[in-house]
Amino acid sequence: MWCQLFLYHINPWENRKQLFEQVGVQFQESNYPDKIRVRELCEETACLYRQPSSYGELLQKFGLADKREAFVSELSGGQKQKLFIVLALIPNPKVAFLDELTTGLDTKARRGVWKSLQELKEQGLTIFLSSHFMDEVEILCDRIGILKDGRFVFEGTVQEAVDLSPYERLEDVYLWFTGEEETGDE
Amino acid sequence: MNKFLTMLKTELKLSFRGMDMIIFALCMPVVVATILGVIYGNREAIPGAEYSFLEQSFGALSTIAICAGGVMGLPLLISDYRQKKILKRYKVTPTSPTFLLAVWVAIYAIYSLLSLLIVFGTLSLFFGCRFNGSFGGFLLTYILVMLSIFSIGLMVGGIAPDMKTASVIASILYFPMLIFSGATLPYEVMPSVLQKAADILPLTQGIKMLKAASLGLPLESVWSSIVIMFAFMIICGGIAVRFFKWE
């Protein structure tokens, strides 16, 4: 099946440069060169965009200002995740894609990242978040989509999802939608 | 600051921190030059020649860094970045493969030119070598040889599926070229059978051109080498850009 996808009326295959000026992406795995410092990684990212945000301010905002000269590899898990949010925000994007942002973080670091995301939302940034944690989804997301075998089986608000299913907790709702509720007994 | 210079500055710093190019592209040529200098001193290249054996070797020694950066450094850097998914991150930024490849080529070009200066300094200060060719002509030839050898490395890095494959291919290219093309072991002392075999290697052709340019011999004598070098540059460079893989 052929599908054509447009984001902000831009075809991502024909005009990828134009589109990626407006998009911020954070990947699940952290990917950066060995022996690179926080400031250098930010500089390299910022120089690729026409109108980047000030990474100094972003680092400040995410509590990483004192880590500017540290090696990225020396940061803690939570600090790294925050740095990757900073990198995703450097383009000054209209939309940010964040992939399993809080996997592997301790409770405190997770809460810190949530707070940052809430603030970004309030400023009007569109965020696509993928997550395995239903508590996170309930707190952060205005609209959710549930994927099964690569296709949406539900799209709407958390409340709508709960109403459609026989369950109350989003975790149970999720399992019900994906048809995996029984597998726990095997 | 300009985006090219910003990238170049940081990538160069990262490369310095890695140390391997400092050893293989900057130190090694000086070491080999010194060894040849100590062995051959002021001896004539062939009895009655107007230039010394060492002066004849300058062109070859200046390519050790080209070989290290082009067929070892470049492909390993690119495949390492692909394996670490750094290229995947660049894929979703408004940048192009050509831009990134240009930055990396610039890094190894800087190493090569630095090495050229150091080798030249060593030979002229400590071993009394004179440069008889035209500087401009030599530099142009040097850049042509550099770009064509680099394009081989770009192609390997651009299309090798993973770091392991890239490093195997790089080794297969690097060691024979380093030893048999005349870059370290002088071409003139090889038996003629080995010379014939060495002529297949692109770097051998490049070194012939550089020798002619540095000794002030007519470039007409090496026109076939020039054609071969251009062909390598265009074909391999073209393949590298056309078939570049982000991930």
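The values are calculated or read from the model by the stated rules, or taken from the named source; none is laboratory data. Small disclaimer: the values here were computed from a predicted structure and weren't measured. Here the Cβ is made from the backbone with ideal geometry for all residues, glycine too, and neighbour counts use every protein chain on show.
Couple of notes before you dig in:
- Taken residue by residue, region B:14-33 has at least one member that is in contact (Cβ under 8 Å) with a residue 12 or more places away in the chain, surrounded by 16 or more Cβ atoms within 10 Å (Cβ to Cβ) and closer than 19 Å to A:ARG37 by Cα.
- All of (1) farther than 18 Å from A:GLN26 by Cβ; (2) free of Cβ contacts under 8 Å to residues at least 24 places away in the same chain; (3) in contact with a strand residue (DSSP E or B) (Cβ under 7 Å, 6 or more places away or on another chain) hold for A:PHE177 with one exception: (2).
- Of the numbered criteria (1) under 20 Å from B:GLY216 (Cβ atoms); (2) in contact with a Gly (Cβ under 9 Å, 6 or more places away or on another chain); (3) assigned to a helix (DSSP H, G or I), the one B:ASN42 fails is (3).
- Close pairs from region A:143-168: first within 19 Å of A:SER130 (Cβ to Cβ), partner of a type in the set (Gly, Ala, Ser) and surrounded by 12 or more Cβ atoms within 10 Å (Cβ to Cβ), Cβ under 6 Å, at least 6 apart: A:PHE152/A:GLY145; A:PHE154/A:ALA161; A:GLU155/A:GLY145
- Qualifying positions in region B:1-52 - within 30 Å of A:GLU40 (Cα to Cα) and hydroxyl-bearing (Ser, Thr, Tyr): B:THR6, B:THR10, B:SER15
- The set of residues in region A:3-57 that are of a type in the set (Asp, Glu), assigned to a helix (DSSP H, G or I) and more than 9 Å from every other protein chain (Cβ to nearest Cβ) contains only A:GLU57.
- Of all residues in region A:27-46, exactly one satisfies the criterion of being in contact (Cβ under 8 Å) with a residue 60 or more places away in the chain and closer than 14 Å to B:LYS91 by Cβ, namely A:PHE27.
- Filtered residues of region A:94-132 (kept if assigned to a loop (DSSP other than H, G, I, E, B) and either touching a strand residue (DSSP E or B) at 6+ places or on another chain (Cβ under 8 Å) or surrounded by 17 or more Cβ atoms within 10 Å (Cβ to Cβ) (or both)): A:LYS94, A:GLU100, A:LEU101, A:THR102, A:LEU105, A:LEU125, A:SER131
- Unmet requirement for A:PHE62, which otherwise passes all of (1) more than 25 Å from B:SER96 (Cβ to Cβ); (2) surrounded by fewer than 16 Cβ atoms within 10 Å (Cβ to Cβ); (3) more than 13 Å from every other protein chain (Cβ to nearest Cβ): (2)
- Evaluating B:TRP104 against the criteria (1) surrounded by fewer than 20 Cβ atoms within 10 Å (Cβ to Cβ); (2) within 24 Å of B:MET229 (Cα to Cα); (3) within 14 Å of chain A (Cβ to nearest Cβ) leaves one unmet condition, (1).
- Filter pass, A:ALA70 being in contact with a helix residue (DSSP H, G or I) (Cβ under 7 Å, 6 or more places away or on another chain), modelled with pLDDT of 90 or more, surrounded by fewer than 21 Cβ atoms within 10 Å (Cβ to Cβ) and within 14 Å of another protein chain (Cβ to nearest Cβ): no
- Of the numbered criteria (1) within 14 Å of chain A (Cβ to nearest Cβ); (2) not in a loop (DSSP other than H, G, I, E, B), the one B:THR95 fails is (2).
- Test result for B:LEU125, within 30 Å of A:ASN11 (Cβ to Cβ), more than 14 Å from chain A (Cβ to nearest Cβ) and either at pLDDT below 95 or in contact with a Leu (Cβ under 6 Å, 6 or more places away or on another chain) (or both): no
- If the condition is being assigned to a loop (DSSP other than H, G, I, E, B) and charged (D, E, K, R), then region A:58-72 contributes A:ARG68, A:GLU69.
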